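The values are calculated or read from the model by the stated rules, or taken from the named source; none is laboratory data. Computed from a prediction, not measured in an experiment: that's the story for all the values here. Cβ: placed from backbone, ideal geometry, glycine included. Neighbour counts: every protein chain shown.
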Amino acid sequence: MAEDMRTVESADGCVIAWYPGSGVGPRLLCVGGAFSGRTLWDGLIACLPGVPVHVVERRGHGLSADRPGSGPADEVADVHAVLREIGEPVVLVGHSSGALLALRAAVDAPLVRGVVAYEPPPPPPIAGVEDRLRALLAAGDRAGAVTRFLVDAVGMPERLARARLTAPGAESDLAMAHTLVHDVQLAEESVPAEPSNPVLLLLGDQSPPRMADHLHAVAQRLPHAVVRSLPGQAHFALTAAPELIAPHVLEALTTRL
């Protein structure tokens, strides 16, 4: 709930909103992907009663502020600022580009004891996506930026991308359009090989083969990574079937994977 919100100042002075969980024992800190806010994690939280599940809203998402020129390094600093506020070891849980951010934030972070990453995406299949997004945003065309991100970076058919602009939640998508540059930047940079903590990479078996190929390639770069597949699921298992993700998260909290 909004009254549970806390804020922390990141390294560049940007004020980041985060929501503390309740419970005892090992803690989670959840990091969402493009277009997401704190409610993305409601289903998973309901499947983990008694587990302290903290949620950070990325800069430019929800009630978190943003600054012009922000990039992946600033978002890593945001996560580290929240980690310092928590002050206890956590397992980072990330979805989509939030999974990429979680993997980056785990580097040189003593309070991170592991990462659960659901489908950290591969780089966009075509070049120049960031430049096109910046041009559209500079022209004030937020709808165009959302459409181009979904088509050029995600691979969604143009018809479906345009339909999203009139679907429930479109207003929120447009409000976060400027943050899509962050998501593209995260996807275009190589996943760091430095995290020495256990990493669990999750994917849905209904996702495109390109996603599975990417996750297995990421696993080869990481010294302690495991890939597991969720039957019948695709990219949004976090909302479609959080009960399938919860056991893997619990395992990450209680074992060394």
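Structure values in brief
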| quantity | calculated |
| --- | --- |
| Among (1) free of Cβ contacts under 8 Å to residues at least 24 places away in the same chain; (2) over 29 Å from S229 (Cα atoms); (3) small (G, A, S), the one test that A161 misses | (2) |
| Which numbered condition S196 fails, given (1) of a type in the set (S, T, Y); (2) over 17 Å from the mean Cα position of the chain (by Cα); (3) not in a loop (DSSP other than H, G, I, E, B) | (3) |
| Candidate set: region 229-245, residues that are surrounded by fewer than 18 Cβ atoms within 10 Å (Cβ to Cβ) and part of a helix (DSSP H, G or I); chosen: the one nearest to the chain's Cα centre (by Cα) | T239 |
| Scope region 206-221; condition free of Cβ contacts under 8 Å to residues at least 40 places away in the same chain and either buried (at least 20 other Cβ atoms within 10 Å of the Cβ) or within 12 Å of Y118 (Cα to Cα) (or both); matching residues | A212 |
| Of all residues in region 48-73 being of a type in the set (D, E, K, R) and closer than 20 Å to A138 by Cβ, the one that is surrounded by the most Cβ atoms within 10 Å (Cβ to Cβ) | R59 |
| Subset of region 19-70 that is in a loop (DSSP other than H, G, I, E, B) and of a type in the set (V, I, T) - its residue that is farthest from V93 (Cα to Cα) | V24 |
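Yes or no, residue by residue, for (1) in the same structural domain as S36 (by TED's automatic domain parsing); (2) out of contact with any Gly (no Cβ under 9 Å at 6 or more places or on another chain); (3) over 23 Å from H61 (Cβ atoms):
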residue: L150; (1), (2), (3): no, yes, no
residue: A153; (1), (2), (3): no, yes, no
residue: E158; (1), (2), (3): no, yes, yes
residue: D205; (1), (2), (3): yes, no, yes
residue: A217; (1), (2), (3): yes, yes, yes
residue: A225; (1), (2), (3): yes, yes, yes
residue: P231; (1), (2), (3): yes, no, yes
residue: E243; (1), (2), (3): yes, no, yes
